[in-house]
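One structure below.
Just so it is clear, none of the values below were taken in a lab; they were calculated from the coordinates. What you see is a predicted model; the values in this text were computed from it and never measured. Virtual Cβ from ideal backbone geometry, glycine too; neighbours counted across all protein chains shown.
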Amino acid sequence: ATPMATMVGSTISAKNGVLYKGGDILEKARGIDVVVFDKTGTLTHGDMRLTDVVTVGETLETDGGEPSEARGSTSDRESDGGAPASEDTVPEPDGGVLEVDDEPALDEEFLLSVAASAESGSEHPLARAIVDGAAERGVGVEEPTAFENVPGHGIRATLSAGEVLVGNRKLMRDHGVDPAPIEATMAQLEREGKTAMAVALEGELLGVVANADTVRESAKETVSQLQARGYEVMVLTGDNERTGRAVGERLGIDPANVHAEVLPEDKADEIESIQADGSRAIMVGDGVNDAPALTSAHVGVAIGSGTDVAIESADVTLMRDDPADVLKAMRVADATISKVR
Ligand code: ADP
Ligand code: MG
């Protein structure tokens, strides 16, 4: 592209909230076959809310009949067996076991207090949601005396009550805790598109806490437009397989195209294997975790409100945090290139 044409492209797109790092990116944006989205914070808002607190003895009701009156035992289950609450949202965090105005049952309060105390050392959005959820419910929290992040799996912290684990099944197993007693609860929450986390104290399971997120309004339309234009659309997430698929399903993404439980350090490898057959990928992401994948992809696209590391690693930044602007960026690239050809 001539400098002039490139400048025209950049100006137009900057006005539309799409910022390109360099002119060559306009050329690179052609010949793309695959568009890969990070899930949390990219397809979803990333504004996690605590929705469920379920102690180990409790069972979730899976079907209608029982309204969630029975405080401390159910969530916002659907009467048709757990279908999505609506087309484009992950269930709203309104039916949790522990309503904000509920007085929590003792063991649930204890479970939430342990989880929130342990998570108070973490900056992770999942942790923030648990800490905020505890505060909203008036549940007391203590500072951990020791804290360790286990990337992609959860956290470990020391409280006055003992050592606490909050995280996925692998975190539990790796520390000698069998997650079997909470498997049904976790699976149910995950089918609802929620991120369920196990909580253990001194090697004993206390229960499960879950967070929900909302899908960005334009995500579904963007996915279907990309698909209609012949792009393969994929999701890359560190989250659980079931949660990833539940969100993918709401967006019309084939379960086979949802790559879940991808560790932060493996996201770039996933992109490389997607591109191994010569196809070219755009990766769209927001997190620190996504930065290496944004670099590995043919074109890296960062969400504007994402982390600085993601923006630095990307070729393009979507200033309005709107996944629909991916389409706009691709169109502007096309238009700019054809002008100089
Ligand atoms: P994502 O790609 O969705 O940002 P991460 O790689 O950060 O996911 O985390 C993957 C999984 O590890 C989460 O879905 C969760 O189960 C667990 N996890 C990570 N951080 C935490 C945390 N602070 N507390 C509890 N669980 C966590
Ligand atoms: Mg993310």
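When every Cα-Cα distance of the range 219-271 is counted in 10 angstrom steps from zero, the calculated P(r) takes the values 26, 50, 23, 1 percent. Relative protection proxy for 110-123, 134-147, 152-165, 255-268, from highest mean packing down: 110-123, 152-165, 255-268, 134-147 (other beta-carbon atoms within 10 angstrom). Placing R0 at 22 angstrom, the Cβ-Cβ distance between ALA146 and ASP269 gives a FRET efficiency of 0.10 after rounding to 0.05. With a Förster radius of 51 Å applied to the C-beta separation of ASN16 and GLU202, the computed FRET efficiency comes to 0.40. Cross-linked pairs LYS21/LYS194; LYS170/LYS328; LYS194/LYS267; LYS28/LYS170; LYS28/LYS194: Cα-Cα separations exceed 31 Å for LYS21/LYS194; LYS170/LYS328; LYS28/LYS170; LYS28/LYS194.
Gain on full extension, evaluated as 0.36 nm per residue between THR295 and HIS124 minus their Cα-Cα distance, stands at 59.3 nm. Simple spin-label estimate for SER305 and LYS170 gives 2.9 nm between the two label positions (7 Å along the Cα-to-Cβ direction from each Cα). When peptides 207-215, 42-50, 308-316, 180-188 are sorted by average Cβ neighbour count within 10 Å, with the highest value leading, the order is 207-215, 42-50, 308-316, 180-188.
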